[in-house]
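Chemist: To start, I am sharing the structure in question, which I have written as structure tokens.
Please treat every number below as a calculation from the coordinates, not as lab data. This one's a predicted model, so the numbers in the text were calculated from it and none came from an experiment. No Cβ is skipped: glycine too gets one built from the backbone with ideal geometry, and neighbour counts run over all protein chains shown.
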Amino acid sequence: MSAEDPGVPSQAAAAEAPAPPDVSTQGTGKPGAVSQDAVAQDGESQDGAPQRDVFVAVEHELAVLLRRARALSKDFAREVHPDLESDAYGLLIRLSDVGGARGTDLAGYFGIGKPTISRQVKMLEELGLVERQAQEGDARASVLVLTEEGRNRLGRMRHARQERFRMLLHDWDRGEVKELAGLLHNLNESWGEGTPRREGA
């Protein structure tokens, strides 16, 4: 398994995802968007179809999104360093987000084995993007942190990535972009917790 979030379907699974039901023809100007009016409060859509059909659409669109994200990950990794693998790129992002971590913490976060983490960390060290520092309060332990070179390269790549998304969504209403960010945040939180969000939460 690569250093991607656990539970992500494989490319093959994403490619074989069934086409979603037609729930996108009303209530929105965005092609492919699920209508806000497509599902009634009683658990059925307006045409009487079970509400679970909407979750089939969610599964399909998410599978497509994840497949495209994998391809983008490879591009982003090469923008950081020509020799950087996309799996190790995920570790780089995580270290940037948390400021530093032990190898065991990274293995637990990504749900992959220590040998895989060790190989990817070694690559990052050899590329000069990551280094080890003594852990505060425990001289025997060490944490992995970004080097100055790693921070600079990642910063430039993140700016380029944000510009790419800005261009992709340039014709969206700003409110829609804000709503999308909020929904993705909720999804990431639910995915991380491994439990459904309670209604009204």
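Chemist: When only alpha-carbon atoms count, how far does the stretch 52-201 stretch along each of its three principal axes, as whole angstroms with the largest first?
Modeler: Over the stretch 52-201, Cα extents along the principal axes are 52, 34, 24 Å.
Chemist: Sort the following peptides by mean Cβ neighbour count (other Cβ atoms within 10 Å, averaged over residues), highest first: 77-89, 53-65. The partial results should precede the final answer.
Modeler: Numbers: 77-89: 19.0, 53-65: 15.8.
So the peptides 77-89, 53-65, ranked by packing, come out 77-89, 53-65.
Chemist: Taking other Cβ within 10 Å of each residue's Cβ, how do 123, 167 sort, fewest first? Kindly include the intermediate steps, with their values, before the conclusion.
Modeler: On the way: 123 18, 167 9.
Neighbour counts put them in this order, fewest first: 167, 123.
Chemist: While we're here: Once you place label points 7 Å from the Cα toward the Cβ at residue 104 and residue 171, how far apart are they in nm?
Modeler: Rounded to a tenth, the inter-label distance reads 5.3 nm.
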